[in-house]
1. Inside region 37-71, can you point out the residues that are closer than 17 Å to residue 13 by Cα and without any contact (Cβ under 8 Å) to a residue 12 or more places away in the chain?
2. If you go through region 10-34 one residue at a time, how many are assigned to a helix (DSSP H, G or I) and touching a residue at least 60 places away in the same chain (Cβ under 8 Å)?
3. Specify which of the listed residues (34, 27) is modelled with pLDDT of 95 or more and surrounded by 12 or more Cβ atoms within 10 Å (Cβ to Cβ).
């Protein structure tokens with residue numbers, strides 16, 4: 001398949017702050033290690049499906065700005081949208097003539 005998929009990605013230093021900002025924070029793992037364990041499962045799934053993963057780094061400054069500019073709540077759909085934008089940016093940077101699928105299955109964009 002070799003398509004690109006985007007996954008919302010966090011770093012340990014800002015995970016708690018990012019989670020706190022999310023409208024659907026109750027759906028996210030409480031700790032970074034719990035989130036990372038789930039993310040690794042999704043990375044393995046994407047790899048088995050032949051997809052290449054673009055990690056869309058979510059931070060507590062740029063992600064709220066992204067959502068505010070679009071008038072959308074900070075939730076799963078926004079994270080999926082953000083990841084899709086990062087996939088398109090990556091494809092453009094890599095010179096991919098036709099942008100690969102710019103979305104991830106819902107389970108990947110948590």
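The values are calculated or read from the model by the stated rules, or taken from the named source; none is laboratory data. None of the values given here were measured: they were computed from a predicted structure. Glycine gets a Cβ as well: all are built from the backbone with ideal geometry, and neighbour counts include every protein chain shown.
1. Answer for region 37-71, where residues must be closer than 17 Å to residue 13 by Cα and without any contact (Cβ under 8 Å) to a residue 12 or more places away in the chain: 37, 61, 62.
2. Initially, region 10-34 is screened for residues assigned to a helix (DSSP H, G or I), giving 15-21, 25-27, 32-34.
Next, only the ones that are touching a residue at least 60 places away in the same chain (Cβ under 8 Å) stay: 27.
Final tally of qualifying residues: 1.
3. None of the other options fit; the residue is 34.
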